[in-house]
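The block underneath contains the structure these notes are about, expressed in structure tokens.
The values are calculated or read from the model by the stated rules, or taken from the named source; none is laboratory data. What you see is a predicted model; the values in this text were computed from it and never measured. In this analysis, Cβ positions are derived from the backbone assuming ideal geometry, glycine residues included, and neighbour counts consider all displayed protein chains. For the accessible areas, the whole protein counts, side chains as well, though only heavy atoms, and no ligand, DNA or RNA atoms are used. Shrake-Rupley method; radii C 1.70, N 1.55, O 1.52, S 1.80 Å.
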Amino acid sequence: MDEASNEPLIDIHVDDQTTSLLKETTKWTRFISIAGIVGVALLLLVILLAGSIIANLWSRLIPAVEGFGNILVVICILIAAVLGLMVTLLYRFSTFTKRALDLQDQQLFNRGLSSLKIYFVINGLIAILTLLASITNLFKI
Amino acid sequence: MEVQQDSIFKLGFDENAKELLKSLALWAKICSVCAFIGYGINLIVAFLGRGNSRLSEESFNAVSTANYSRAGAIASALISAAIGCAINYFLYRFSIETNRGVNNLDQFQLNEGFANLKTYFKILGIILVIALILFGLVFLGVLASGGVKEY
């Protein structure tokens with residue numbers, strides 16, 4: 001008995017143009033992610049070396065928050081952690097996708113897309129929070 | 001007899017990849033739309049926000065300073081909105097074209113989407129390069145001024 005394929009006749013593939021576009025995208029994402037990783041590392045270094053100085057300066061600039069200077073340091077570390085996660089995801093996307101295109105590996109390709117998806121999910125959540133802050137700012141006028 | 005339909009493309013978009021792309025497109029759209037609205041609100045805040053404080057100032061100098069500060073806020077809001085909208089336009093186009101490409105199984109639209117994603121990251125990369133150059137120049141300037149003072 002003949003076995004008919006369930007796959008549609010017209011489907012989307014990673015053709016030559018897609019490969020070229022994705023390879024160029026991964027070059028830029030790799031550059032951005034490496035620069036980001038270096039930036040986050042520098043930020044963490046500054047926080048570790050000059051955390052107490054920053055906390056003191058913060059307290060002097062805004063006397064109302066005196067004693068809460070350490071909170072600023074914790075917030076900076078949290079920001080660095082989120083940024084670190086984002087640039088790592090971007091790096092994973094560029095590495096997995098490039099390797100998938102070179103080896104024609106579907107699983108690696110999907111892992112690359114998954115990393116980019118999580119990157120955009122975090123980006124989207126930050127965008128929503130920023131928008132809420134802007135709306136709050138609008139009502140203060 | 002088994003009908004074998006081997007594609008010339010080994011790498012494709014299986015169901016998992018299609019779901020990932022749809023989700024990716026959705027979040028990219030959320031990012032870009034939030035950014036567009038945010039820039040609009042920032043512009044409104046910049047144009048209207050400082051108006052009341054200027055009226056409350058009494059001395060001429062204070063009014064002048066307030067005007068400069070307001071002009072600076074408007075200029076920075078305009079520049080950031082122009083750059084941000086230009087970048088997010090490509091992200092928005094990526095989300096629309098990719099979603100259509102996946103839903104209609106249209107290779108051309110899918111590639112258009114990826115081209116927009118490439119442009120989005122390319123612009124981000126170029127802005128990063130410019131920012132790094134400016135940062136380096138400022139850093140060198142600070143070092144040079146420190147050296148001149150010591151001399």
For the subset of segment B:31-50 comprising residues that are of a type outside the set (Gly, Ala, Ser) and open to solvent by less than 50 Å² (accessible area, probe 1.4 Å), which member is farthest from A:Phe120 (Cα to Cα)? B:Val45
Those residues of segment A:113-139 which are within 9 Å of chain B (Cβ to nearest Cβ) and small (Gly, Ala, Ser) amount to A:Ser114, A:Gly124, A:Ala127, A:Ala133, A:Ser134
What number of residues in segment A:100-141 are touching a helix residue (DSSP H, G or I) at 6+ places or on another chain (Cβ under 7 Å), of a type outside the set (D, E, K, R) and in a helix (DSSP H, G or I)? 25
Determine if segment A:86-99 includes at least one residue that is more than 7 Å from chain B (Cβ to nearest Cβ), surrounded by fewer than 17 Cβ atoms within 10 Å (Cβ to Cβ), touching a helix residue (DSSP H, G or I) at 6+ places or on another chain (Cβ under 7 Å) and not hydrophobic (A, V, I, L, M, F, W, C). yes
Whether any residue in segment B:122-137 is open to solvent by 40 Å² or more (accessible area, probe 1.4 Å), small (Gly, Ala, Ser) and assigned to a helix (DSSP H, G or I) is what I want to check. yes
Residues being basic (Lys, Arg) and at pLDDT 95 or above: count how many of those fall in segment A:39-98. 2
Taking segment B:89-108 and the residues there that are within 12 Å of A:Thr18 (Cβ to Cβ) and either in contact with an Asp or Glu (Cβ under 8 Å, 6 or more places away or on another chain) or without any contact (Cβ under 8 Å) to a residue 60 or more places away in the chain (or both), the one that is least open to solvent (accessible area, probe 1.4 Å) would be B:Gly101
